[in-house]
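Worksheet: one structure, shown below.
Please treat every number below as a calculation from the coordinates, not as lab data. Quick caveat: nothing in here was measured; it's all calculated off a predicted structure. Note that each Cβ is placed from the backbone with ideal geometry, even for glycine, and that neighbours are counted across all protein chains shown.
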Amino acid sequence: KGLKKFFPIKGGILAKQVGEVKAVNDVSFDVYEGEVLGIVGESGCGKSTTGKALLRLIEPTAGEVIFDGKDVTKMSTEEMRVMRRHMQIIFQDPYASLNPRHKIEKILGEPLLVHGVGTKEERRKKVEEILEIVGLPGEHASRYPHQFSGGQRQRIGIARALIVRPRLIVCDEPVSALDVSIQAQILNLMEDLQEQFGLTYIFIAHDLSVVKHISHRIGVMYLGKMVELTTNENLYKEPLHPYTQSLMSAVPEPDPDKKKERTILKGDVPSPSNPPSGCPFHTRCPAVMDMCKTVVPEFREIKVNHFAACHLYDEESTQEQTADYHLQ
Ligand code: SF4
Ligand code: MG
C-alpha cells in the first residue's frame, strides 16, 4: 500500500543530495494466495525495485507491505528472518546469484541452516530431493555452479528459493538472461511448481509474452507507477491504458491472417529523477489531452477487477459491486 522507493542523487564535492530518483512512486496492489501476479514494464519502470522492496531486500522509503495481516516494513530483524522463510526471491541472473566457490550442496543447504532445519544429513537429503524436483540429478549436489549450463543454474536458483517451502516467491525476470530455447523449459517448470506446491508468484518481466501464459492477473508499470492491473483475460481482451495498448501492439501475432495495428511510441522514457507533471505517460501518449499535462490520473477500478490510471475513463465508474476475485 502506497509503496515508495526513492534513491538520493548525490553531487558536488560535498556529495550533497541534489535530487532523487523516484524508482517506485506510490504503488498499491493486492496479491492473492495461490495466484501468479505478473508485473511488466520497460527497464527502469520500478518493477524489480518493487519486488525487492516487498521483501525488504531494499528498504522502502514509505508504504506498507501487509503479509498475513502484519506489516513487513515494521518487522524486527528476527521477525524478518522468520518471515523470509515464507517470502523468497529468484533473481534474473543465475550466473551472478550463485557463489562460484561453493558446491551446490552448500548453496542449497544454506537457507535450511539459516532457518535451523534438520541435521547435516537431513539437509543433504533435502538438497538432493529439491534438485530432483527442479529436474536435476540429486548427485549433482557435489558439483560447482560452473559445471552447469545457464538453464541448469536457473533451476538451482529456483531450488534455492523453494527449499525452505515458501508461500510467496518474487520471480525477478527469471528467464530474461537465458537463451530463448531454454526460456520455455524454465517457465514450464515454474508453472508446474506453482501448481504442485500452491505457490504464490509475483512474476516480473519486461515482456508481456513471458507473463502471458503463467499469470492470473497482470499489472503494468510505467515510470514508478502502476498504470493498469487486471486479469490476464481482461488485459488481452480490452487493455484500457494507452501504454498497455502500445505494449500489446508490440507482442508478435502468431496468426498471419490477423493484422495488427502497431503503435510506435514516440520519444524515450523520461528520467525517473525528473518525471513529467500530471500523467507520467503524457509525453508519449497518443491520446494525450490538455488536462493530462497537469492532473495526475488516479489509479482506480474502472471496470470490475480492472484498475487503470488514465483520464480517458474519468466519466466511467464501476456500478456493480466489486466481485471478490476468484482464481479459475
Ligand atoms: Fe494518456 Fe492522458 Fe491517459 Fe495519461 S491520462 S495515459 S496522457 S490519455
Ligand atoms: Mg530489473
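See the values below:
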item: Rounded to 10°, Cα long-axis angle of helix 180-197 versus longest principal axis of the chain; result: 80
item: Degrees between helix 104-114 axis and first principal axis of the chain (Cα, 0 to 90, nearest 10); result: 80
item: Pairwise label distance in nanometres, residue 17 with residue 271, each label 7 Å out on the Cα-Cβ vector; result: 1.8
item: The stretch 1-88: mean projected area of Cα convex hull, nm²; result: 7.1
item: Principal axes of the stretch 202-252: Cα extent on each, largest first, Å; result: 24, 21, 18
item: Rounded tilt (10° steps) of 150-162 against the dominant C-alpha axis of the chain; result: 90
item: Cα radius of gyration and Dmax for the stretch 63-102 (Å); result: 13.8, 40
item: Expected 222 nm ellipticity per residue - DSSP helices of 4 or more, -39500 (n - 2.57), all of the chain, to 500; result: -8000 deg cm²/dmol
item: Bins of 20 Å from zero: percent of alpha-carbon pairs in the chain; result: 29, 55, 16, 0
item: Sequence ranges 56-62, 150-156, 1-7, ranked by mean other-Cβ count within 10 angstrom, highest first; result: 150-156, 1-7, 56-62
item: Long pairs among 70/225; 47/237; 106/212, criterion Cα-Cα beyond 31 Å; result: 106/212
item: 14 Å beta-carbon shell around residue 61, net charge (K/R +1, D/E -1); result: +2
